[in-house]
Amino acid sequence: MSFSSFNLHRRILAGVQALGYNTPTPIQRKTIPPVLQGLDLIGLAQTGTGKTAAFVLPLLERLMKGPRGTVRALVIAPTRELAEQIDQAIASMGRQTGLRSATVYGGVSANLQIQKLRAGVEIVVACPGRLLDHINQSTINLSHLEVLVLDEADRMFDMGFLPDIRKILKHVPAKRQTLLFSATMPDDIRRLVHEVLHDPVIVQIDPGVPAYAVAHALYPVAQHLKTELLLELLRHTDTESVLIFTRTKHRAKRLGQQLERAGHRAASLQGNLSQNRRQAALDGFRNGSYQILVATDIAARGIDVSSISHVINYDMPATADAYTHRIGRTGRAAKTGDAFTFIVREDEDMVNSIERILGEKIERRTLHGFDYKKAAPKSGSVGVRKPLQREPSHRRSALRHSSGSTTQKNQAHKPAPSR
Ligand code: AMP
């Protein structure tokens with residue numbers, strides 16, 4: 001099957017070709033036809049499946065006909081990064097259509113956004129908070145809206161945006177097409193679906209199951225040895241771009257600095273950064289000047305870097321859903337990737353939940369030659385190469401890994417690459 005079978009406008013097809021997409025992904029195959037018919041739709045799919053083009057293409061097709069200069073489509077996304085990515089996808093696929101889009105999110109000047117909106121755009125890609133500001137100040141007019149897209153609805157719920165979304169819904173015409181994408185379907189999203197979608201078509205692409213192209217592995221390790229193990233793993237693993245997740249902003253910042261000191265081209269992305277610095281870290285990661293990006297879950301949302309070969313969970317995520325989202329960052333579309341997760345004893349329950357979702361046991365690995373018994377330093381849990389202090393013997397034995405394989409997978413651990 002090719003994109004031409006959707007009968008899209010030739011100017012839109014030209015955009016698809018320019019992006020180098022040849023074959024529609026499963027979600028595109030299932031989503032584009034009903035959306036072109038004007039039906040409401042729920043897309044149960046994680047990022048990395050090609051869901052952006054699944055809604056952008058039929059949206060562009062619809063807007064080719066009809067008036068220009070008024071906002072006719074609104075895409076709501078949880079983060080500025082995701083909003084930017086969707087906007088870029090619209091710009092790439094719609095480059096020959098003359099359709100215009102604008103992004104609306106907080107942390108940057110509202111005036112520039114107002115100027116762009118006044119100049120006339122057909123598509124707005126927005127985060128909920130700033131969009132509400134514009135609505136309240138009448139600097140955006142949504143009365144001619146035809147299509148509403150809610151992207152990563154479960155994330156928006158996690159981030160507490162549901163009340164804002166309900167307020168926004170009061171300002172858009174009741175007669176419209178609504179599309180909702182979500183990797184999972186928690187009860188609150190299910191309720192929202194009943195309220196805002198009309199007789200929706202449901203398209204399901206392996207909900208909750210991380211990208212099929214990803215190989216998963218667990219690395220049992222003591223908390224205080226995580227950084228050392230990470231450095232060793234990076235030394236022994238052939239990687240392209242690497243995205244590392246930590247539990248807190250502080251740990252992301254600190255680990256980023258430690259990796260830099262160890263000679264890696266690394267940056268960290270956490271909520272404390274200004275928009276400019278976030279963008280610089282992201283751009284650097286995208287263009288390869290940083291090979292490693294350390295991030296927290298919230299900061300990493302929406303990152304789409306096609307060369308990510310490894311996602312490393314330095315800290316276990318808080319929920320199995322968060323694992324799915326993190327892992328969705330690698331193995332995107334036609335690529336494959338590895339997902340390594342460092343686990344401490346307390347993480348076993350979460351490991352069980354993730355294995356249930358995956359429907360299989362995840363391989364436990366140990367890194368040959370790594371000293372897993374090295375005692376913890378006197379203070380600090382993230383640090384490395386601090387003076388050694390012996391651990392109580394019961395703790396040492398608890399840290400030994402008894403289960404799983406003790407060898408490295410060949411494809412994942414090639415001889416140390418030259419850096
Ligand atoms: P998404 O799930 O929309 O974030 O897309 C994931 C990645 O797949 C992005 O890098 C897209 O550019 C890429 N992609 C989307 N659709 C296709 C396709 N039909 N063929 C190849 N790559 C695609």
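Rule-based calculations on the coordinates, nothing more; no lab input. Source: prediction; values computed, not measured. When we count neighbours, we look across all protein chains shown, and the Cβ atoms used for this are built from the backbone with ideal geometry, even at glycine.
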Worksheet entry | Tilt relative to the chain, helix 275-286 - C-alpha long axis, 0 to 90 degrees, to 10 | 70
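From the helices alone, meaning DSSP H stretches of at least four residues, give me the mean residue ellipticity at 222 nm for the chain, per-run term -39500 (n - 2.57), in deg cm²/dmol to the nearest 500. Display every interim value, and only then the final one.
Details: 16 runs with 158 residues, N = 419.
Value at 222 nm, helices only, nearest 500: -11000 deg cm²/dmol.
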Worksheet item: To the nearest 10 degrees, how steep is helix 226-236 against the longest Cα principal axis of the chain, on a 0 to 90 scale?
Response: 80
Discussion item. Quick check: residue separation of Asn7 and Arg166 times 0.36 nm, minus the Cα distance between them. What number comes out in nm?
Written reply: 53.7 nm
Worksheet item: Going toward the positive end of the dipole of the chain, with +1 on Lys and Arg Cβ and -1 on Asp and Glu Cβ, which of Gln46, Val71, Leu269 do you reach last?
Response: Leu269
Response to the item:
Here, Ala262 and Asp349, labelled 7 Å along Cα→Cβ, have an inter-label distance in nm of 3.0
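So if I place +1 on the C-beta of Lys and Arg and -1 on the C-beta of Asp and Glu, and nothing else carries charge, what would the dipole magnitude of the stretch 3-205 be about its Cα centre? I want it in debye, nearest 20.
700
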Worksheet, complete the sentence: The Cα radius of gyration of the stretch 3-205, divided by 2.2 N^0.38 Å with N its residue count, comes to 0.94
Worksheet item: What list do you get for Val75, Val16 if you sort them by fewest beta carbons within 10 Å?
Response: Val16, Val75
Discussion item. Per 0.36 nm of contour for each residue apart, how much would the distance between Ser274 and Arg235 grow if the chain were fully extended, relative to their Cα-Cα spacing?
Written reply: 10.9 nm
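Past the 24 Å Cα-Cα mark, which pairs from Lys226/Lys253; Lys116/Lys249; Lys249/Lys373?
Distance filter (> 24 Å) returns Lys116/Lys249; Lys249/Lys373.
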Worksheet item: In nm, to one decimal, how far is the modelled label at Ser109 from the one at Ala174, with both set 7 Å along Cα→Cβ?
Response: 4.1
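Suppose the chain between Asp133 and Asp371 were pulled fully straight at 0.36 nm per residue; how much longer would it get relative to their current alpha carbon spacing?
Working: separation 238, 0.36 × 238 = 85.68 nm, distance 5.45 nm.
Answer, rounded to one decimal: 80.2 nm.
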Fill in: Net charge dipole size for the chain [Lys, Arg +1 and Asp, Glu -1 on Cβ; Debye, nearest 20]
1040
Fill in: Alpha-carbon Debye profile of the chain, log10 I(q)/I(0) at 0.09, 0.14 Å⁻¹
-0.59, -1.25
